[in-house]
1. Rank the residues 36, 558, 659 as a footprinting-exposure proxy: fewest other Cβ atoms within 10 Å of their Cβ go first.
2. Using only alpha carbon positions, build the gyration tensor of the stretch 640-692, then give the equivalent ellipsoid semi-axes as the square roots of 5 times its eigenvalues, largest first, whole angstrom.
3. Using the beta-carbon distance between residue 406 and residue 451 and R0 = 35 Å, what value does 1/(1 + (r/R0)^6) give for FRET efficiency, to the nearest 0.05?
4. Could you list 28, 456 so that the one with the fewest beta carbons within 10 Å of its beta carbon is first and the one with the most is last?
5. Got the relative contact order for the stretch 26-184 handy, in percent, Cα pairs under 8 Å and 6 or more residues apart?
6. Mind checking the full-extension length gain between residue 30 and residue 687? Use 0.36 nm per residue of separation minus the Cα-Cα distance, one decimal, nm.
7. Show me the ranking of peptides 65-71, 110-116 by mean Cβ neighbours inside 10 Å, starting with the highest.
8. Using each residue's phi in the stretch 577-584, evaluate 6.51 cos²θ - 1.76 cosθ + 1.60 at θ = phi - 60° and report the 3J(HN,Hα) Karplus result to the nearest Hz, with x for Gly and Pro.
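Every number in this text was worked out from the coordinates using simple rules, so none of it is lab data. Since this is a predicted model, take the numbers as computed values, not measurements. Quick reminder, even Gly has a Cβ in these numbers, built from the backbone with ideal geometry, and neighbours come from all protein chains shown.
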Amino acid sequence: MRLAVWSELAHHPLLRAPQLDSLEYVAWASGIAAGDLRWPAPPSHGPGYPFFLAGVFRLFSGSLPAASVAQALLGAVSCVATATLTGIWFGPLAAWAGGLLLAVHGVVAWTDVSLLAEGLLLLLMTGVLLCLGNGPATFVRAALAGFSTGLSALVRPTALVLLPLVLVTLARREGWKRRGFLMAGLAAGAAGLVLLPVTVANWRASGAPLLVQGHGGFNFYIGNSPSGTGLPTARPGAGWDRLEADAARNGFRLPAEQDRYFLRKTLVEITASPLAYLKLLGRKLLWTIQADEIRDPFSFSFFAKAAPLLATLPGFGLLFPLALAGILVSVRTRPRPALLFAHVVATASTCVLLVTSSRYRLPFVVALVPFAAAGLVSCIQILRESATRAAVGVRELSGLAGVFVAGVVLCRLTLHAPSHVHAEEWSATGYSLIHVRNLDEADKAFRKSIAEDARWSPAWAGLGVVAGNRGDLAGAESLLKKSLLLEPDNFAAQQEWGTVLERQRRFADAEAVYRRALEAAPDDPAFGQALARALLAQGRLPEALTRARSLVARDSRDAAAHLLLARILGARHRPRPAALEAAEAARLAPRNNETQFTLAMLSIEAGDLDGAEEALRQAATLGADSRPLGMARALLCRSRGQFDKADEALRQVLALDRDYKPAAALLLQNARARGKENEARDYLRDLAGSGS
């Protein structure tokens, strides 16, 4: 089923060139696969899924389709694990029903082939319950349950909600005696053993203890501010950017400080409006049990329109009523599946108490599957037995039917209309098409986005990017201005506008754009570097140097900041420290050809000719432009007094591009130094004549 869904979506731009969370996962995983183990400061997501994805990339040369297929297989294993868990509690027929219900669940199948962490999360969380089963507890099972809980939390920290369930279950099954408490302690220790290295890595990278990932306080605020919706309604380019930078504007720079800021802000708002907060929780509980899927990061309904099979698969609207029927049956049985009941409550609480959305709800969806299977099997069995026990069968069946109908009505009380307006999905599709250099289709996608919502700022910004890539800088600027008129705090649009201004050599105007952006997001490294770059272009070297040094001091692992500092130092005629900064940038980002080329040029100026030669070799290997590479080789040969080799390198450059004036100028300079200027001029004249 997952492979069939993937086959319908495989050529979709958002799967070929991921955006938002998927893009962040792919970027981190690609770095890991390439041997770059630098830790984000702080990580926006848990490291569990990026490391899994990196393993797939290493095996299949970074192939995104291979990753989707691998996740389809992982999702199939998850169906089998869920079937096994269901069978433990409700028997073999229910096991088949549970596995098949999960197999055909549309949202889960779509998630399993998307580059998102939840497919791995659902398998690991089911594994925790399988480790416990419903039989006697053992020390091995306890250790495995704790270890699996820790792994689940590395994918998404909300999985830690399972840890109290594990500990209580282990202690309870041993009658709250010493053996049970020892097993609970073993499980807690196993989970801690998994989480400790990540906590240490976060501490070293960000300067403060973080359990798994950053932005926990920010997410808590989004989900629990009484003035908000509790849903992910603040979107990138539309409210999200300014809200995320709120802590930095108030002077909180470290990730842990920002988490505490948003937590305090949330609690202050809850204390000030407790009734509004209770109403918010009630609305979130209602959204948690609605059949509709709330966008996070993209809308399921958008992909259902693109994949006919996906549109026909059942979802929460079938699962929830069946699960209510199964819960009714389970309440009447002995012994009751207390662990499964607790699992349902725990996973529902993460959705209600944090952000309520489609992805946050997925663990709750899987928790309902065993009960849905039990409800379905009970209905079938009652129908079979109704012939011999007509009166009892009708009474039992009518009770289950009543619960089922109530569930159908309850989960269809409201519809999340914004998730069915696909302006965001079309604009993200446009950016994916820009990434694969299909500007015509990108233009169409952005216009479809505007047709869905004419006030969607990122779509207008996307049209501006398309215009800029086509060389229409005036048109790009006009479109980006319109985008910012609709959403002044669209940081991506501000950055693109500044880039367009730089391309027009309007560096003072670009500086003004970057300064305004930094007022809203003072810690944004992209705007900090852009401002320093604009100052460098205007020749304001002391201020540019101060800015660049502050960026390096804030994050010493930022290769782009070191490279910018190197260029500024080079412009101030300090080649040795400039070369050292470029070398550090190359160490941090060894596969960046621009960094290697800059290092080579600065090393030549600093007199480190052997270092320059190695950097040029690296730049050539990484695919740097052959024209500036040839120029650099000529400069290197000239520095060694090898004028003939320098001329040969320059002639090779001119053979590729006879109009490349820097090469022609250096060729004349070399010839003049050796009294061969006329010979060089004749060569250049003949070269120009052959071109005409």
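1. Ascending number of Cβ neighbours within 10 Å: 659, 36, 558.
2. Working through the eigenvalues yields semi-axes of 18, 13, 8 Å.
3. Step by step, r from the Cβ atoms, then E = 0.35.
4. Details: 28 23, 456 26.
So the ranking, lowest neighbour count to highest, is 28, 456.
5. 20 percent
6. Length gained, residue 30 through residue 687: 232.1 nm.
7. On the way: 65-71: 20.1, 110-116: 25.1.
My ranking of the peptides, most packed first, is 110-116, 65-71.
8. Karplus values, whole Hz, x for Gly and Pro: x, 5, 5, 5, 5, 5, 5, 5.
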